[in-house]
Each structure stands twice: as C-alpha cells, then as structure tokens.
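This report concerns only the one structure given below.
The values are calculated or read from the model by the stated rules, or taken from the named source; none is laboratory data. Everything numeric in this text was worked out from a predicted model, so none of it was measured. Positions of Cβ are generated from backbone atoms using ideal geometry, with glycine treated the same way; all protein chains shown enter the neighbour counts. Please note that ligands, DNA and RNA were not included when accessible areas were found on the heavy atoms of the full protein model with its side chains. Shrake-Rupley method; radii C 1.70, N 1.55, O 1.52, S 1.80 Å.
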Amino acid sequence: MTALPHVEPLPSQSSVLIVGAGPTGLALAVSLRQLGVDHVLIDRGTGIGPGSRAAAVQPRTLEYLDRIGVGAPLVRAGTKARGFRLHDRDRTLLRAGYEQLDTPHPYILLASQQTTEEQLLTRLEELGGTVHRRHRLLGITPDHPGVSATVAGPDGVVRAVSARYLVGCDGLHSAVRTAAGIAFPGAAREQLFALADVRLKAGTRAAACEDPTFFLSEAGMLLLSPLADGLHRLVAPAAPGSAAPSAADVERLLSERGPAQGAARVTEVAAASTYRVQERVAESFRAGPVLLAGDAAHTHSPAGGQGMNTGIQDSGNLAWKLHAVLSGTAPDALLDSYHHERHPVARELVSFTARFAEAATLTDPPACTRRNALLAAAADTPGITDWIAAKLAQLDIGYTDRPDLGAPRPGTRVCPTLVPPDGLHWTLALPATATTDPPRLPPEHRPLTVRHIPALDTTLLVRPDGYLAAHGVPAAPGEVLARLAGHLPLEPAA
Ligand SMILES: Cc1cc2nc3c(=O)[nH]c(=O)nc-3n(C[C@H](O)[C@H](O)[C@H](O)COP(=O)(O)OP(=O)(O)OC[C@H]3O[C@@H](n4cnc5c(N)ncnc54)[C@H](O)[C@@H]3O)c2cc1C
C-alpha cells in the first residue's frame, strides 16, 4: 500500500495568514518566522514550479536577503553579471555597470526563480516554518478586528482560518485582492513577446554574452541574457498569434538583431513561451486587516528584471511593521505606512518599465536612429549610467521626499557597508564621539543592536528593513527604545 503524503494540519487561527508561497510569500514567512511572529502560509500548488520566470536578483534585494539569512546561499547558487548593456548589433550604446555601486553586492545575480524560491524555503524550514501546500483560499469574511478565511485543503474539506491580518501574496490573479474588493487599474499591452531559454553552441559572440544585453536596432528589440546554468534567455516582440519560438526562430532573431559576428546555433530549447505584459497597480495595498504584496499588488513589463525583486522588498517593508504592531510596540496605523511607502515605488516601477519598453520596441527607422543616438549621448554624460544602474539595482528607492527633515533624511537607505545589519534588528549606529564601547543590552532591548561606526558624525537609527528611521537620536539604547514610536513612519510621506 502506498503511504499518503504527510499533510501538516492547518491551524484554525493565527496572527497572520499568508496566501501564496511564491518569492513574496516565502520572503514574508521567513521574515516573520525570524521575528517570532506566529503565521500560517498556504499555497494552492503542489510545490515550487520548475523554470525561471525571474532570472535577475538585484543588489537591494540581496541586501534584504542577507538580513534573513538567504543572501549568502543564493549568491553561491547563482552567477554574477556586471550590469546591463544596450547595443545596436555589435556597437555598445550604453553600459549600466554595477561595479561602482555602493553595496556589498555590486552585481546582478543571475539565479532562476526556482533557485530563489528553493533557498527561501530551505531557510523557512531551518527556522521551523512550513508551507501548507494544496490549500487554496476560497474567500474571506470580516471577523472583527481580523478576518476569517475559507480554505480548501488537499482532502477536499473546506476549513476556516481566522487571522488578525491576512496578506495576499497570491500573484497577478489574486483571489485576496478580489475578495477584499481592491481595484487593480491599468491595462494589458497589445504587444506579444516571445521568450526562449536556450543553450547556444560555444564559439560565437551570442554564446559568450555575459551581461544582460538589449539589442536595439531597426530590425527590432532583442534581449539576450545569460542564465545561471549555462543557458541564455532571449526575449523579443512577436507578431500577434505567434507560437512559442522554436530553435530556428531563435537563430533567426539572433542573426537579424543580435551580435553581427558569428552565426549562433541553438543546441537545446529548454523552455519557450509567449506572454503579454499587463501594467497595473492595486488601488490600495491595504484594506483593513487585508494587505497585498508582490504581483498581487503590482504587475508590469519583466524587462529590467524588477518584479520579483519588488515583491521581496514589499515583504521586507511589511514584516517588521506586522511584528511591531502585533507585539504592541506600534499602533495598527503603522501598517498604513506600508501602502504609503510601497505604492509610489510600484507606480514608479510601472511607469519606468513602460517608458523603457516603449522606447525599446520602436520600429520606425528614423525614430530608432534618434533613440540610439540619444542613448549613446546619454552614455557620455557624466552620472547617467550610474543613475540608471542604481535605479535598476533598486538602490535609489527611499521613502521620503521631505527636504525639511534635514540630511541624512529619514526614509533613505542606509548602506550596509556603512552600518552592518544584524538580521531584522533595529540598529543604533553611534559615532566615534558617542562612546568607546558599545553598551551591553539587557534581554528586553535585544531587538536593538548597537554598532560603533567611527565614520559617523551623528547617531543613526536604522529600521529592520535597512532604511533610516531617525538621526541625532540619543546614544542611550534604552531611551531610543522607549521613544521608538516617535521614530515610526506613522504619517503618510509628504
Ligand atoms: C517571463 C518573465 C520573466 C521575469 N523575469 C523577472 C526577473 O528577471 N526579475 C524579477 O524580479 N522578476 C521577473 N519576473 C516577474 C516575477 O516572476 C514575478 O514578479 C514574481 O513571480 C512575483 O512573485 P509573487 O510571489 O508575488 O507571485 P507568484 O510568483 O505569482 O506566486 C503566487 C503564489 O500564490 C499561489 N496562489 C495563487 N492563488 C492562490 C489561492 N487562491 N490560494 C492559495 N495560493 C494561491 C500560487 O500557487 C503561487 O505559488 C518575470 C516574469 C515573467 C513572466
């Protein structure tokens, strides 16, 4: 007799119910587990799906993954690219190199989404967490002050789970978003794209391509990017009704649009598909006890490798806030700041990737010539390529545009090379003049780590997600903790 697979019993209540164990839900579960927040993670699927939708992990994401113990193993599992390139056949128009970026990870990490999810899952299990697979969310009803969710299990039985907060990490077609009545305005683009992950015969320029490269010529756009396991990904606009690209299609695209030198040969098509881009941002990332994160909250063109990265950082923004609220350190209103901080990030991302996709898919020859001349001129303008690299690396993301708050501005990222993080602790960074020995903290103060940073000229209080909470605060940890509520982003960013 074959033994049935063991299914963990689904708890009937929890502080947080996470729906969806893609990269966003897994990152949230790992973070909550590390913070000691009781939660349940469900997913309707049977396990991590094969293949690589997201292939690029950006530096800002790696900085957060370092905090939750996933950065180092993921870096070991992936390969590093030095930045993005824009080419017209063999001519470099612009190179956004990551080498100069101020981060412990000055590179794009090429790792399949499957690998990223596996590393997150390994960490979750190390921390004693689990995913309740084959559990589908059917609906939610108010259960003041939280919600009650109905969940269909693998045995076909429908159970109720009550939770103080429910986070929808359930992707583009989010059932949570629909059940919470949150609108998802935007549009689907007409343009169809063809995608193929292929193995190329060695010895040509295409096969030697080491950095994600957009080829922009009158023949049309082609993205050629190495993947972690010796494969290359190609993405190109496709005619309406096109089938998934074959090896011959890929060779033709490379010969018409890619490097001019050497005819590329495809020895294996590992995956091929077509897709249409949707550009949408949920009207709100919060409706009472329901929150949205990842693709459930925003979706856009995958060009530039940003979607999964944004979802993981949504989770980084949300996790410590849920912990603060559930542990009684902060009022429920702190969760409003999740929407106020992350919604503009998603809107900007959709607009940036849309503008890029429009420029990249131009086909009118004079417009292509003007675009390429503009890009080449931009590459020669000091600061432009560094600005582009920082944007794609997501290192430019910050949560305030209030110059009245003085520099360094609360809400700006604190580089981990300046103030080394300590997991998901708050960090109090003291300048040389403050004290010579970091004080020993009593157990109740442990969520605050004290660092002694000689390069500083003022104290910095850094949030668990790596953003500045306040500067010039007292050097006494007990006092800082007692006044922590005063340093929380409780007001919408102006
Ligand atoms: C071709 C392509 C290339 C891409 N390349 C990149 C890239 O290089 N870099 C990048 O950052 N991003 C990239 N992306 C985007 C990236 O894949 C997504 O942004 C990412 O998967 C979003 O993760 P998520 O966890 O929010 O959602 P998903 O990965 O969609 O996960 C949602 C989970 O929710 C579960 N679920 C859904 N409904 C229910 C329900 N009712 N009950 C229970 N569980 C449910 C699903 O089973 C699934 O596991 C790419 C996307 C595509 C299509």
FRET efficiency for Leu172 and Ala208, using Cβ-Cβ distance with R0 set to 35 Å, rounded to 0.05: 0.50
With Cβ to Cβ distances under 12 Å as the rule, what net charge do the other residues near Pro9 carry (K, R +1; D, E -1)? -1
Semi-axes of the equivalent ellipsoid for segment 349-413, please: Cα gyration tensor eigenvalues, times 5, square-rooted, ordered largest first, whole Å. 31, 14, 9
On a 0 to 90 degree scale, rounded to 10, what angle separates helix 23-35 from the longest Cα axis of the chain? 30
Taking amide H positions as placed 1.01 Å from N in the peptide plane, with prolines and chain starts having none, which residues 5 or more places from Gly83, or on another chain, fall under 5 Å of its amide H? Tyr98, Ile108
Hull surface divided by four, with the convex hull built on the Cα atoms of segment 454-494: how many nm²? 3.7
Which value in deg cm²/dmol, rounded to the nearest 500, describes the helix-derived mean residue ellipticity at 222 nm for the chain, given -39,500 (n - 2.57) per DSSP H run of n ≥ 4 and division by the residue count? -8500 deg cm²/dmol
Residue span Glu99 to Ala263: 0.36 nm per residue of separation minus Cα-Cα distance leaves a gain in nm of 56.0 nm
Summing +1 for each Lys or Arg and -1 for each Asp or Glu, what net charge is found among the other residues whose Cβ lies under 11 Å from the Cβ of Gln100? -2
How large is the dipole of the chain about the Cα centre if only Lys and Arg carry +1 and Asp and Glu carry -1, each at its Cβ, rounded to the nearest 20 debye? 520
Answer in debye to the nearest 20: the dipole magnitude of segment 187-279 about its Cα centre, from +1 Lys/Arg and -1 Asp/Glu charges placed on Cβ, is 160
Note the angle between two axes, namely the Cα long axis of helix 365-379 and the longest principal axis of the Cα atoms of the chain, as a number of degrees from 0 to 90, rounded to the nearest 10. 50
³J(HN,Hα) computed for each position of segment 460-472 - Karplus, 6.51 cos²θ - 1.76 cosθ + 1.60, integer Hz, glycine/proline x: 10, 10, 10, 5, x, 9, x, 9, 6, 8, 6, 10, x
Gyration tensor (Cα) of segment 187-279, equivalent ellipsoid semi-axes in angstrom: 21, 14, 12
Set the Förster distance to 41 Å, then compute FRET efficiency between Ala378 and His144 from the Cβ-Cβ distance, nearest 0.05. 0.15
Based on the Cα gyration tensor of segment 272-326, what are the three equivalent ellipsoid semi-axes, each the root of five times an eigenvalue, rounded to whole Å and given largest first? 26, 13, 7
I'd like the antiparallel share, as a percent to the nearest 5, of DSSP beta bridges with both residues in the chain. 75
Give me the extension gain from Arg252 to Arg91: residue separation times 0.36 nm, minus the current Cα-Cα distance, reported in nm with one decimal. 56.0 nm
Filter the GluC sites (Glu not before Pro) in segment 56-165 to those in DSSP coil with at most 14 other Cβ atoms within 10 Å of their Cβ, and list the result. Glu99
Average accessible area per residue (Å²) across the chain - probe 1.4 Å, nucleic acids and ligands excluded: 42
Could you work out the percent of alpha carbon pairs in segment 1-120 separated by over 24 Å, rounded to a whole number? 43
Computed over the Cα atoms, what is the radius of gyration of segment 228-367 divided by 2.2 N^0.38 Å, N being its residue count? 1.42
Restricting to DSSP loop positions (anything but H, G, I, E, B) with no more than 10 other Cβ atoms inside 10 Å of their own Cβ, which trypsin sites (Lys or Arg not before Pro) remain in segment 185-255? none
At a 1.4 Å probe radius, carbon and sulfur cover how many percent of the accessible area of the chain? 53
Could you tell me which of Ile108, Thr363, Ala393 has its Cα farthest along the dipole of the chain towards the positive end, charges placed at Cβ (Lys, Arg +1; Asp, Glu -1), taken about the Cα centre? Thr363
Where the convex hull is taken over the Cα atoms of segment 51-145, what is its projected area averaged over directions, in nm²? 10.5
Rounded to the nearest whole number, the Stokes-Einstein translational diffusion coefficient of the chain at 20 °C and 1.002 mPa s (Kirkwood radius, C-alpha pairs) in µm²/s is 90
What's the FRET efficiency of Phe352 with Ala239 using the Cβ-Cβ distance as r and R₀ = 25 Å, to the nearest 0.05? 0.40
In sequence order, calculated HN-Hα J values of segment 297-314 (Karplus, 6.51, -1.76, 1.60; Hz; x Gly/Pro): 9, 7, 8, 6, 4, x, 4, x, x, 10, x, 4, 4, 5, x, 5, 6, 4
